[in-house]
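A.B. asks: This is the structure, below, for whatever I ask next.
The values are calculated or read from the model by the stated rules, or taken from the named source; none is laboratory data. Because the structure is a prediction, the values reported are computed rather than measured. Quick reminder, even Gly has a Cβ in these numbers, built from the backbone with ideal geometry, and neighbours come from all protein chains shown.
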Amino acid sequence: MKTPRQSTIDILNRLIAFDTTSRYSNLELIDWVVDFLAQRGVECQLLHDESGEKANLWATIGPKDVPGIMLSGHSDVVPVDGQDWSTDPFTMVEKDGKLFGRGTADMKGFIAICLSHVDDFLAQDLKVPVNLAISYDEEVGCLGGRQLAEMLRGLDPKPRLCVVGEPTMMGVVTGHKGKVSYRARIKGFECHSSLTHQGVNAVEYAAELITGIRALSREKRDHGPYDEAFDPPYTSIHVGVVHGGTALNIVPKDCHFDFEFRNLPADDTGEIFGRIEAQAAALTKEMQAIQPDTGISFEQISWFEGLETAEDAEATTLTKAFAQANASQKVSFGTEAGHYQGAGVPTVVCGPGDIGDAHKPDEYVGLKQIAAAEEFFDRMIDWARRG
Ligand SMILES: [Zn+2]
């Protein structure tokens, strides 16, 4: 087994030191990458969010008029709050063949490998260009990825394929579930609890709607559709948070709850949500008959599109060849891949490290995984050189 390049380790060390927890700006990291690429004569395009505090980075190395191979990674990391780390999460530490630090697996390791190979991309007369895509806010609903996907929709030519380098132990992932989450707000009407007939009880209407959502979740469990490659093999629906009420002797005027679908890629979340909206509309009618200024509203919190890339798609067969993988897999965690696929770019997920080590204290990526990913890059560059 090869050992990783020192340049990859040095770059990863630098990337880990930027605290890019999703609640903070990612611009220091992005500016550092812009400088890194500018020193090599590579221009970047930045796509900022509305606040201007965050940005996606897009760069092309090689011919601009040929569909490229897009390498995608998110710059943000999950919080370390309340986690018991053995060392400072934002200072990378190498120990026992592992690199520890927040984001080493998910997924700055992949970004470091992309950057440490820029000189290789430039040294070759690439027939197929490489597109680097570094996004923001993946961990809080794929916000940057959605903006990048919008950009991809209008791009001509679009990338020929995309590899999202989320940690898969270098396995080739062609499918994952989608996820949509919502907050439901129930606006009732407050009064003394001895006069329940004059009030609109927000907690009770929320409970009725939650019961309806529960029935839908049972229906999915019992009647499918099913895809045995996933665990569970159906679209799951759940309510995870409820807040409502202030005191037992007050009919509560406010309640909100959060729920999510984790859908099979082929299952229509719009149809499922439409049925919940229809239930809410029926309840609202009843509520407004008591007090007009009441009702139920929904706000979408996050959304990941499901991923389903065909086994015989070029994105799958090429990535399998680069990874020297015999088979592809489906996984339960969501990524930006579904959005890029939805924008018309055939996409798979393949990257170093184990998702089981992500989001935890003492997150790490193994040196062997980095080395395996670098071998993937060597094969990919060889292919891109020949076209
Ligand atoms: Zn990730």
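A.B. asks: I'd like the residue in region 164-201 that is within 16 Å of the ligand (Cβ to nearest atom) and under 16 Å from C142 (Cα atoms) and, out of all such residues, is surrounded by the fewest Cβ atoms within 10 Å (Cβ to Cβ).
C.D. replies: Out of the qualifying residues, it is K179.
A.B. asks: Can you name every one of the helices (runs of 4 or more DSSP H) wholly within region 87-155 that holds 2 or more residues which are closer than 17 Å to Y340 by Cα, away from the ligand (no atom under 16 Å from the Cβ) and without any contact (Cβ under 8 Å) to a residue 24 or more places away in the chain?
C.D. replies: Correct list: empty, since no element meets the threshold.
A.B. asks: Further question on the same structure: Would you call G356 within 16 Å of the ligand (Cβ to nearest atom), touching a strand residue (DSSP E or B) at 6+ places or on another chain (Cβ under 9 Å) and not basic (K, R)?
C.D. replies: Answer is no for this residue.
A.B. asks: Tell me yes or no: at least one residue of region 215-233 is farther than 30 Å from T309 by Cβ and modelled with pLDDT of 95 or more.
C.D. replies: Yes, there is a match, as at least one residue in region 215-233 is farther than 30 Å from T309 by Cβ and modelled with pLDDT of 95 or more.
A.B. asks: Sticking with this one: Scan region 359-387 for residues that are within 16 Å of the ligand (Cβ to nearest atom) and without any contact (Cβ under 8 Å) to a residue 60 or more places away in the chain and report the count.
C.D. replies: Of the residues in region 359-387, 0 are within 16 Å of the ligand (Cβ to nearest atom) and without any contact (Cβ under 8 Å) to a residue 60 or more places away in the chain.
This table checks each residue for (1) over 30 Å from E299 (Cβ atoms); (2) among the hydrophobic types (A, V, I, L, M, F, W, C); (3) surrounded by fewer than 20 Cβ atoms within 10 Å (Cβ to Cβ).
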position	(1), (2), (3)
D65	yes, no, yes
G73	no, no, no
V78	no, yes, yes
P89	yes, no, no
G103	no, no, no
D106	no, no, no
V128	yes, yes, no
A133	no, yes, no
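A.B. asks: Okay, next question. Given (1) under 30 Å from F333 (Cβ atoms); (2) modelled with pLDDT of 95 or more; (3) crowded, with 21+ Cβ neighbours inside 10 Å, where does G212 come up short, assuming only one miss?
C.D. replies: (3)
A.B. asks: Okay, moving on. Quick check on my filter: what residues within region 300-342 are assigned to a helix (DSSP H, G or I), aliphatic (A, V, I, L, M) and within 16 Å of the ligand (Cβ to nearest atom)? Reasoning before the result, please.
C.D. replies: Quick first cut of region 300-342, residues assigned to a helix (DSSP H, G or I) only: 314-323, 337-342.
Subsequent filtering for residues that are aliphatic (A, V, I, L, M) retains 315, 318, 321, 323, 337.
Matches in region 300-342: A337 only.
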